[in-house]
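Some notes on the structure that comes next.
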Amino acid sequence: MRQARARARRPSCSAAGRRDRVDDHLRVGDRGGRPLLSALFALGTTLGLVPVISHVVDTPDFAGQLAALIGLGVGIDYALIVVTRYRAEHARGLERDEALLVAIDTAGRTVFFAA
């Protein structure tokens, strides 16, 4: 009897069912994964440049911590702008690839020029 209930609750193996599960996985991954990774990449780059700049210009001891604070905040914020635009376009009914292109074309351009 338990097996019958488990089979009844399983999602269908149709293409639409697989697409929904992939979309759910992307939503979960976009909540923290990609923005955090891009912010960590920017943070690593910034922290790597602070010692190089300190050879040319006198910098205070807290320059690394200040760069990390600003870099994490701005990096995550800009990444979330692009992810939010992607989700909005995907919710409007665009396919994933089309929604990604629109998000990069609009919010991505904004982030590029603001950074």
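A few comments on the model shown:
- Consider region 46-68 and keep the residues that are β-branched (Val, Ile, Thr) and surrounded by 15 or more Cβ atoms within 10 Å (Cβ to Cβ). The one that is farthest from Val83 (Cα to Cα) is Thr59.
- Of the criteria (1) assigned to a loop (DSSP other than H, G, I, E, B); (2) in contact with a Pro (Cβ under 7 Å, 6 or more places away or on another chain), which one Pro60 fails: (2)
- Taken together, Arg21, Arg27 contain a single residue that is assigned to a helix (DSSP H, G or I), at pLDDT below 55 and either in contact with a Lys or Arg (Cβ under 8 Å, 6 or more places away or on another chain) or surrounded by 12 or more Cβ atoms within 10 Å (Cβ to Cβ) (or both), which is Arg27.
- Selected residue [touching a residue at least 24 places away in the same chain (Cβ under 8 Å) and in contact with a His (Cβ under 7 Å, 6 or more places away or on another chain)] from Arg34, Arg96, Arg87: Arg96
Every residue, every condition in (1) loosely packed, with under 11 Cβ neighbours inside 10 Å; (2) modelled with pLDDT of 90 or more, yes or no:
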position	(1), (2)
Ala16	yes, no
Gly32	no, no
Gly44	no, no
Ile70	no, no
Ile81	no, no
Tyr86	no, yes
His90	no, yes
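The values are calculated or read from the model by the stated rules, or taken from the named source; none is laboratory data. Since we're looking at a predicted model, the values are computed, not measured. Using ideal geometry, Cβ is built from the backbone for each residue, glycine included, and neighbour counts are taken over all protein chains shown.
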